[in-house]
Amino acid sequence: MNELVDSILAVQVAVGQVNAEGDVNQLLNGIRALIQKQVILDDVGTAANTYAGANTIPLTTETLGRGREQRIVIARSNTGASTYAPDGLTAKKILSIDMRPLKGGELLAGSIATLSYSPNADGNVGAWVLQSCNGVPPSSPNITGTVRNAWMNIGAGSTTGSFAADEIVLAAAIGGAHYNLGNFNAAFNLATVGIGGMDAGAPPANGFLALYAAYNPITSESGVFWQNASSSKVPEVYGGANRPSGYTVTALCSVWPTDANGKLVAGYQRARNISITRKTVLTTSVPAPSITPISIASAVPLNAVSVTGDFQVLASNSADSAGASVACSPLALQAVNASGLYNVQPPFFDMPIITNRTLYYGATVSGSSSMTAILNICGYSF
């Protein structure tokens, strides 16, 4: 009899139930509470990417069925494909919700991961499907840097501003797990260093700055920071040595010109397209009857993939005619041409950049006229 009473009291203790004389439903309610109680296991794995748990009543191959759920406190963040082995059973892959192996960053040290067993996953070998890990935003199959309705508006000579997007996709590394951040809006000040400012140092004069969106998976905080992008193409995920502490998940979201004072020039960004004040990259009086390369490095960053602008060729005598041509390669690919009048000015839109920060042009005039040719850039995409 004492053993029976002790068993009932053990159930009450397990669920925090206070004994009440005369309540014949105590045991039933206690058992129901135990069924509803979510057990959280400690991760007893010995290394990152290999996770293990020990249940009070060990799982067996017979009791490991479809939908069996495990909640574990992750001891070490994963860096790639991972496995889970409860109670000494054979380790099985942990898959994302879209049934793919983990890539790294989906399991965060100190967070609680919820795994659900699927016996038919991984070619009927069986696998654990990651349902969630608190502190980690929902994983996304999208491409790093993908944005929806991104925009930024900068006034002339500005050191402050903000970047906003309905949604942006970030990652800890190219090919790693993706993170979706919704309703993103972050302010910045180039006079500061760290999140919301520069990654290090001061902004360059007459150069370019790259803006990164950043996420801290420990604190769930987000923001932006800038990196000097004047002398090299920057990656889609921050690759420098001065990332703000804790902000391990990033995505490139802008590359912007600076003026002689290291301030952001006037411009407007929508998605990955940037409109700037018209900048002249060529003024010449020397005809170019054959296709000729011209550097546009003063107007666009190394990350630019296309460019928008116009090319004016003017003959000094209105009785003569001018000819203008702009192309993306020396083979005159996607060439834009104009001729017949003494003053021609063909615009070009989203001209691909095949050679880094280089376009190709042709300029001629007929008769005895002298020539003036001016190539302007007013926008680019990256």
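Miscellaneous remarks
- Kirkwood Rh and Cα Rg combined as Rg over Rh, evaluated for region 275-381: 0.97
- Between helix 2-15 and the chain: long-axis angle, C-alpha atoms, 0 to 90°, nearest 10: 20 degrees
- If you take all other residues with their beta carbon under 13 Å from the beta carbon of Pro301, and give Lys and Arg +1 and Asp and Glu -1, the sum is +4.
- Given (1) 5, 23, 34, 26, 11, 2, 0; (2) 5, 26, 37, 26, 6, 0; (3) 5, 18, 19, 17, 14, 11, 7, 5, 3, 1, 1, 0, 0, the label whose value is P(r) over Cα pairs in 10 Å bins from 0, in percent derived from this model: (3)
- The C-alpha atoms of the chain define a longest principal axis, and helix 26-36 lies at about 30 degrees to it.
- Taking the Cα centre of the chain as origin and assigning +1 to Lys and Arg Cβ atoms and -1 to Asp and Glu Cβ atoms, the resulting dipole is close to 940 debye.
- Surrounding net charge for Ala205, when Lys and Arg each add one and Asp and Glu each subtract one, Cβ distance under 11 Å: 0
- Mean Cα-pair separation over length for region 147-271, i.e. relative contact order, pairs under 8 Å, 6 or more apart, %: 32 percent
- The helix-only estimate of mean residue ellipticity at 222 nm for the chain, built from DSSP H runs of length n ≥ 4 each weighted as -39500 (n - 2.57), is -2000 deg cm²/dmol after division by the residue total.
- Reachable lysines from Lys263, criterion Cα separation under 17 angstrom, eight or more residues apart if same chain: Lys279
- Rounded to 5, the percent of DSSP beta bridges in the chain classed as antiparallel: 90 percent
- Shown for Ile294, Ile377, Ile57, Ile353: other C-beta atoms within 10 Å of each C-beta, ranked fewest to most, produce the order Ile57, Ile294, Ile353, Ile377.
- The chain, relative contact order [Cα under 8 Å, separation at least 6], %: 11 percent
- Taking packing as the residue-averaged number of other Cβ atoms within 10 angstrom, the listed peptides 205-215, 182-192 run from highest to lowest as 205-215, 182-192.
- Taking 18 Å as the straight-line reach from the Cα of Lys103, the lysines in range (excluding those fewer than 8 positions away in the same chain) are Lys92, Lys93.
- Where Rh is the Kirkwood radius over Cα pairs, Rg/Rh for region 185-336: 1.10
- Region 42-192 - convex hull of the alpha-carbon atoms, volume per residue in Å³: 125 Å³
Each value in this text was obtained by applying a stated rule to the coordinates, not by laboratory testing. Note that the coordinates shown come from a computational prediction; the quantities given were computed from them, not determined experimentally. Cβ: placed from backbone, ideal geometry, glycine included. Neighbour counts: every protein chain shown.
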